[in-house]
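The values are calculated or read from the model by the stated rules, or taken from the named source; none is laboratory data. Keep in mind the model is a prediction, meaning the values are calculated, not measured. Reconstructed Cβ throughout: ideal geometry from the backbone, glycine too, with neighbour counts over all protein chains shown.
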Amino acid sequence: MTDLASATVDISALIPVGNRHAADILALYADYKAGLEALGIPYEVIVVLDGPRPELAADVQRLLASGERVSVIGLTRKFGEATALVAGFQRASGRVILTLPAYHQVRGDEIGRLVRALGTADLAIGRRWPRAGSRFEAMRRDAFHRMLASITGQRFHDLGCGARAMKRRVLEEINLYGDQHRFLPVLASRLGFKVLEVELRQSPLDRFDGAYPPREYIRRALDICTVFFVVRFTKKPLRFFGMVGVSTFLIGAALVAWLAIDKLIFRHPLADRPALLLSSLLVVLGMQLFALGLLGELIIFTHARDIKDYQIEEVVRYPAPASAPPLSPGEPALAPLSGESHPNIA
């Protein structure tokens with residue numbers, strides 16, 4: 001690798017290490033290193049340990065002792081992959097940020113295809129293809145991406161792949177927290193960045209024989225709800241809360257009107273009728289939801305100047321004229337716009 005002390009780093013490869021990681025981290029690093037070396041440009045590798053990892057201490061020490069130019073960041077406790085990526089990015093110096101999973105997903109020699117895709121995109125995400133796995137895994141994965149596409153309008157195929165390449169300004173504009181690293185392409189596309197999905201050959205060691213606990217499916221469903229609100233209603237919360245609030249209020253008001261007619265015309269008693277309590281609760285709940293949307297609008301209005309949700313692709317300036325063209329005979333000259341009074345026009 002090129003001496004980083006005397007060369008500018010072009011690529012910063014971030015490897016967040018969480019609960020799931022390769023049994024032989026040295027073999028994984030060697031695979032990634034071969035792919036990075038093939039690019040022929042200066043790079044750096046930053047390994048972020050998400051919490052204490054005593055089982056990896058010997059391997060990390062062996063990497064450092066062998067003279068590998070690897071930076072290791074250890075977090076005090078487990079914060080999640082998104083936080084680990086942010087911690088690595090804050091210490092990265094490359095103009096291109098490369099995120100690589102801590103376990104085998106794609107072949108190391110496919111890194112070049114991912115980086116070269118940035119010639120036409122701001123963010124390139126890997127898609128393992130052809131994809132190995134059971135039929136159930138394929139159905140679960142397809143259902144997840146179809147649900148996400150129906151909510152956000154963006155169709156991806158492998159958001160679980162941790163191999164991504166992006167220009168530095170992508171992470172400078174996006175605030176990652178929680179598990180939002182999975183939805184980085186969705187968030188980037190919302191801000192106007194060009195996102196490209198690149199087919200990469202899957203590593204033959206990419207195998208997951210276990211089963212996800214039920215709480216994992218619940219978390220993913222909640223994450224989709226979060227992304228749905230963030231993508232569509234971040235700057236217009238009244239459209240969401242107002243729509244739900246008005247609908248709830250109208251249903252409650254219709255029930256109240258029906259009960260009133262039933263009492264006044266048909267003389268049916270209202271005592272011991274759960275519909276009266278339900279309709280009253282719907283009316284109050286609808287008003288509260290609408291008020292919550294108004295409060296959200298006030299907050300957005302207050303901080304709108306600090307919110308940037310667009311990207312400028314290019315600015316084309318017109319050339320300044322060398323000199324003004326001469327006036328035609330009989331053409332009146334334009335009066336200056338300042339320092340001169342103008343008569344009122346009736």
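Take the range 122-141 and flag every residue that is surrounded by fewer than 19 Cβ atoms within 10 Å (Cβ to Cβ) and at pLDDT 95 or above.
Hit for the range 122-141 is Arg127, nothing else.
Any residue that is closer than 26 Å to Thr226 by Cβ and surrounded by 16 or more Cβ atoms within 10 Å (Cβ to Cβ) - is there at least one of those in the range 253-276?
No; the residues of the range 253-276 include none that is closer than 26 Å to Thr226 by Cβ and surrounded by 16 or more Cβ atoms within 10 Å (Cβ to Cβ).
In the set Leu159, Leu148, Leu191, which member is assigned by TED's automatic domain parsing to the domain that holds Gly35, of a type in the set (A, V, I, L, M) and touching an Asp or Glu at 6+ places or on another chain (Cβ under 9 Å)?
Leu191
Please enumerate the residues belonging to the range 165-193 that are among the charged types (D, E, K, R) and touching a strand residue (DSSP E or B) at 6+ places or on another chain (Cβ under 7 Å).
If the condition is that a residue be among the charged types (D, E, K, R) and touching a strand residue (DSSP E or B) at 6+ places or on another chain (Cβ under 7 Å), then Lys167, Arg168 are the ones that fit.
Taking the stated definitions as given, is Leu270 over 30 Å from Ala22 (Cβ atoms), under 31 Å from the mean Cα position of the chain (by Cα) and not assigned by TED's automatic domain parsing to the domain that holds Arg116?
Spelling it out, it is not the case that Leu270 is over 30 Å from Ala22 (Cβ atoms), under 31 Å from the mean Cα position of the chain (by Cα) and not assigned by TED's automatic domain parsing to the domain that holds Arg116.
Quick check: anything in the range 143-152 of a type in the set (D, E, K, R), surrounded by fewer than 20 Cβ atoms within 10 Å (Cβ to Cβ), under 14 Å from the mean Cα position of the chain (by Cα) and part of a helix (DSSP H, G or I)?
For the range 143-152, residues of a type in the set (D, E, K, R), surrounded by fewer than 20 Cβ atoms within 10 Å (Cβ to Cβ), under 14 Å from the mean Cα position of the chain (by Cα) and part of a helix (DSSP H, G or I): absent.
List the strands (runs of 3 or more DSSP E) that sit entirely inside the range 1-117 and contain at least 2 residues that are among the small types (Gly, Ala, Ser).
Fully inside the range 1-117 and qualifying: 11-17, 70-74.
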